[in-house]
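Remarks on the structure that follows.
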Amino acid sequence: MSNQKKRNFQIEAFKHRVVVDPKYADKTWKVLEHAIHEIYNHNASGLSFEELYRNAYNMVLHKFGEKLYSGLVTTMTSHLKEISKSIEAAQGGMFLEEMNRKWTDHNKALQMIRDILMYMDRTYIPSTQKTPVHELGLNLWRDNIIRSSKIQTRLLNTLLELVLRERTGEVIDRGLMRNIIKMLMDLGPSVYQEDFENPFLEVSAEFYRGESQKFIECCDCGDYLKKAERRLNEELDRVTHYLDARSEAKITNVVEKEMIANHMLRLVHMDNSGLVNMLLDDKYEDLGRMYNLFRRVSNGLSTIREVMTSHLRETGKQLVTDPERLKDPVEFVQRLLDEKDKYDSIIRLSFSNDKTFLNALNSSFEFFINLNNRSPEFISLFVDDKLRKGLKGVSEEDVEIILDKVMMLFRYLQEKDVFEKYYKQHLAKRLLSGKTVSDDAERSLIVKLKTECGYQFTSKLEGMFTDMKTSQDTIQGFYASHPELGDGPTLTVQVLTTGSWPTQPSVTCNLPSEMSALCEKFRSYYLGTHTGRRLSWQTNMGTADIKASFGKGQKHELNVSTYQMCVLMLFNNAERLSYKEIEQATEIPAVDLKRCLQSMACVKGKNVLRKEPMSKDIGEDDAFFVNDKFTSKLYKVKIGTVVAQKESEPEKQETRQRVEEDRKPQIEAAIVRIMKSRRALDHNNIISEVTKQLQSRFLANPTEIKKRIESLIERDFLERDSIDRKLYRYLA
């Protein structure tokens, strides 16, 4: 049944063929050929595009697609040959204009032809895998015009000549250039590259090679970089206006190679104007230009960085080892800070805050600061100077800036524990003499040190502040419990916890009887309120205010040290005292006594005593009198003690020795910590682990680590392996 139905509905093809007039194809093609001629001759307005489309449609429908396609190729080719002659005939500047005009006409004609032959484009061409009409038109233009023997070289030379003229400062018709280059790009990437870009790059390389050679002979580094930058910008501008965007990287590479990469070392080391001179003269603009140009080429920035680092290390080394500059510690540190500020500004303003340059700067500073083993002491003296007087009248923000800068130098120190030693001594003197400008600034710096190095580093420093506060309460309690003391001398005592403050030798000194009685009363009061404590008087660290009357009834209040007070009070009962008598009466150590007398008898404007014979130094046969002729414009006169700001050589040795002693338990503790966790470890690994653990405080000496290991072995904390003598084991 189903087969029957299928037969009933079967549709069969026509039995007879439709016969087309053999001359039909020729006639139709003649009409279309005439239309193409008219289009090329700018007479398209009289054509019926609908009728032409139908004719092309019928030709393809009746299987005359091949005739239509080959006819199109022949007709277009003949027109393009005529166009080629017209372009060849154009002279001078008219050559490109004529080509541009003909190219525009060809594109318009091609658009119309494609519209007429749209049916062929959609059906016949894909099925036969021929070139589509528009692309065919472009290929024919390429082969008959651009690559014709008389045009190809002429076109290239004309374009290159225009670029050269523009490079030498002439103004050219950029619009025309853009159109011609666009034409080459429209004809396909290979046409643009082979017929223009590759030769353009070769010629450019040659041009910049010659120009850079000329510039480098006659310009200094700054001028050369300006010219290189200008040339680079010109090429970028050229790409923007009339070259293919993909040419940008290629042409900039040419300029970078010829003008920068090939002359990099010569530019950096150029006499009187290279990188070092730019750094010395703060030429931010030139440095920024060098950075931006050199970053474009391989190894450019590393070249700048290496030269900057070696220069910085050299100048830094001179700075920290020059004996003249070591005479003033404050000036020494200020120079370091100025140098750091200078390079921070250069890196910020010229080198885009480049991390690699900041790292190079930090490593250079760390290198040369640690060349001078007095750097920790000098940085502490700088802080001392600032916190005593240097920050008076400075805003809180500026104080923070100065303290941050000090912390930055502190971070570079390898021997942070040495800084701590000196800082503790200087802080103690400031607190006890009441000379600190601002408690807030003092505490701020301690917070910064705590953040940097941990609680252990600053616990004793904080203890010093606690003692100062507790002492105020103690002295108030003392006077409250002794109201009868209101009329006599006033005593202010700071009770210092031994472990928190720098250890001072306990020096005896005979106090005046009035003061001695008062001190005994305080001792009784203090030991009565605190059990199990001992007090020892540190007379070498005290100060006193005493009222004095001189000849003609002149009265002054003198601010002196405790030693100076003891000496001056002797003159209440004597007109003349010899050095020996003073020494016997006060029992002040000879060195301190000489300094104390020198400051009262030999310093102009502070000479409350007169000595015979008159000289700058104190001798054991000298005699002293009250200077009745002493005058001062001020009622309150401060008499300082002649003291060296820096440590003397023996003091320096002593401090260094104390530091070395303090390091021993820290090294041992580190060894035990490491061995406890590792159980067994060889010698070299222990050295590196200990160094790593302690580097935030100091750089451990391998020899000292070895001695500490030996000491721990002797005390049965560690043992050597019985087979491998370089291996250590932890003994629980």
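Just a few scattered comments:
- Flag if Thr531 is among the β-branched types (Val, Ile, Thr) and either over 30 Å from Ser395 (Cα atoms) or exposed (fewer than 13 other Cβ atoms within 10 Å of the Cβ) (or both): yes
- Being surrounded by fewer than 16 Cβ atoms within 10 Å (Cβ to Cβ), touching a Lys or Arg at 6+ places or on another chain (Cβ under 9 Å) and at pLDDT below 80 holds for only one residue in Lys652, Lys664, Lys629, Lys616, and it is Lys652.
Rundown of residues vs (1) β-branched (Val, Ile, Thr); (2) open to solvent by 50 Å² or more (accessible area, probe 1.4 Å), yes/no style:
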{"residue": "Pro489", "(1), (2)": "no, yes"}
{"residue": "Val493", "(1), (2)": "yes, no"}
{"residue": "Val507", "(1), (2)": "yes, no"}
{"residue": "Lys521", "(1), (2)": "no, yes"}
{"residue": "Thr539", "(1), (2)": "yes, no"}
{"residue": "Ala548", "(1), (2)": "no, no"}
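- The residues on offer are Asn262, Asn253, Asn299, and the sole one that is without any contact (Cβ under 8 Å) to a residue 40 or more places away in the chain and under 24 Å from Phe200 (Cα atoms) is Asn253.
- When we screen Gln129, Gln111, Gln152 for residues that are open to solvent by 20 Å² or more (accessible area, probe 1.4 Å), in the same structural domain as Ser48 (by the TED database) and either under 19 Å from Tyr40 (Cβ atoms) or within 60 Å of the chain's Cα centre (by Cα) (or both), the only hit is Gln111.
- Filter result (among the hydrophobic types (A, V, I, L, M, F, W, C) and modelled with pLDDT under 85) within segment 676-697: Leu694
- Of all residues making up segment 60-103, the number that are polar (S, T, N, Q) and without any contact (Cβ under 8 Å) to a residue 24 or more places away in the chain: 5
- The residue that is farthest from Thr158 (Cα to Cα), counting only those in segment 224-242 that are in contact (Cβ under 8 Å) with a residue 12 or more places away in the chain and acidic (Asp, Glu), is Glu229.
- In segment 470-487, the residue that is farthest from Lys547 (Cα to Cα) out of those that are in contact (Cβ under 8 Å) with a residue 12 or more places away in the chain and open to solvent by 50 Å² or more (accessible area, probe 1.4 Å) is Thr470.
- Scoring Val276 on the criteria (1) closer than 30 Å to Thr153 by Cβ; (2) in a helix (DSSP H, G or I); (3) open to solvent by 20 Å² or more (accessible area, probe 1.4 Å) leaves a single failure, condition (1).
- Pair list, Cβ < 7 Å and 6+ apart or interchain, from segment 31-53 residues that are within 25 Å of Ser86 (Cα to Cα) to residues that are at pLDDT below 90 and part of a helix (DSSP H, G or I): Glu38/Ala44
- For segment 548-566, the set of residues classified as aliphatic (A, V, I, L, M) and more than 20 Å from Ser513 (Cα to Cα) is empty.
- Residues of segment 87-108 that turn out to be under 21 Å from Thr131 (Cα atoms) and surrounded by 17 or more Cβ atoms within 10 Å (Cβ to Cβ), as a count: 2
Conditions (1) open to solvent by 30 Å² or more (accessible area, probe 1.4 Å); (2) free of Cβ contacts under 8 Å to residues at least 60 places away in the same chain, marked per residue:
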site: Asp195; (1), (2): no, yes
site: Phe207; (1), (2): yes, yes
site: Gly210; (1), (2): yes, yes
site: Asp220; (1), (2): yes, yes
site: Arg266; (1), (2): yes, yes
site: His269; (1), (2): yes, yes
site: Asn272; (1), (2): yes, yes
site: Leu287; (1), (2): no, no
site: Arg305; (1), (2): yes, yes
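- Selected residue (criterion: most open to solvent (accessible area, probe 1.4 Å)) from residues of segment 676-723 that are part of a strand (DSSP E or B) and not charged (D, E, K, R): Ala680
- Checking each residue in segment 228-281 for being of a type in the set (Lys, Arg) and under 26 Å from the mean Cα position of the chain (by Cα) picks out only Arg266.
- So Leu358, is it under 25 Å from Asp286 (Cα atoms), in a helix (DSSP H, G or I), modelled with pLDDT of 90 or more and in contact with a Leu (Cβ under 8 Å, 6 or more places away or on another chain): no
- Among the residues of segment 577-606, those identified as closer than 16 Å to Ile639 by Cα, open to solvent by 50 Å² or more (accessible area, probe 1.4 Å) and not hydrophobic (A, V, I, L, M, F, W, C) are Lys594, Arg595, Lys604, Lys606.
- Pick from segment 216-245, criterion among the small types (Gly, Ala, Ser) and part of a helix (DSSP H, G or I), ranking: nearest to Asp281 (Cα to Cα): Gly222
- Considering residues of segment 39-64 that are among the hydroxyl-bearing types (Ser, Thr, Tyr) and more than 15 Å from Leu110 (Cα to Cα) only, the residue least open to solvent (accessible area, probe 1.4 Å): Ser48
- Segment 555-581 residues that are of a type in the set (Lys, Arg), paired with ones that are open to solvent by less than 50 Å² (accessible area, probe 1.4 Å) (beta carbon under 8 Å, 6 or more apart): Lys555/Ala548; Arg576/Ala623; Arg576/Phe624; Arg576/Phe625
- Odd one out for Arg335, checked against (1) in contact with a Lys or Arg (Cβ under 8 Å, 6 or more places away or on another chain); (2) in contact (Cβ under 8 Å) with a residue 24 or more places away in the chain: (2)
The values are calculated or read from the model by the stated rules, or taken from the named source; none is laboratory data. Quick caveat, the model's predicted, so the values are computed rather than measured. Note: ideal-geometry Cβ built from the backbone for every residue, glycine included; neighbour counts use all protein chains shown. Heads up: the accessible areas ignore ligands, DNA and RNA and are worked out on the full protein's heavy atoms, side chains in. Shrake-Rupley method; radii C 1.70, N 1.55, O 1.52, S 1.80 Å.
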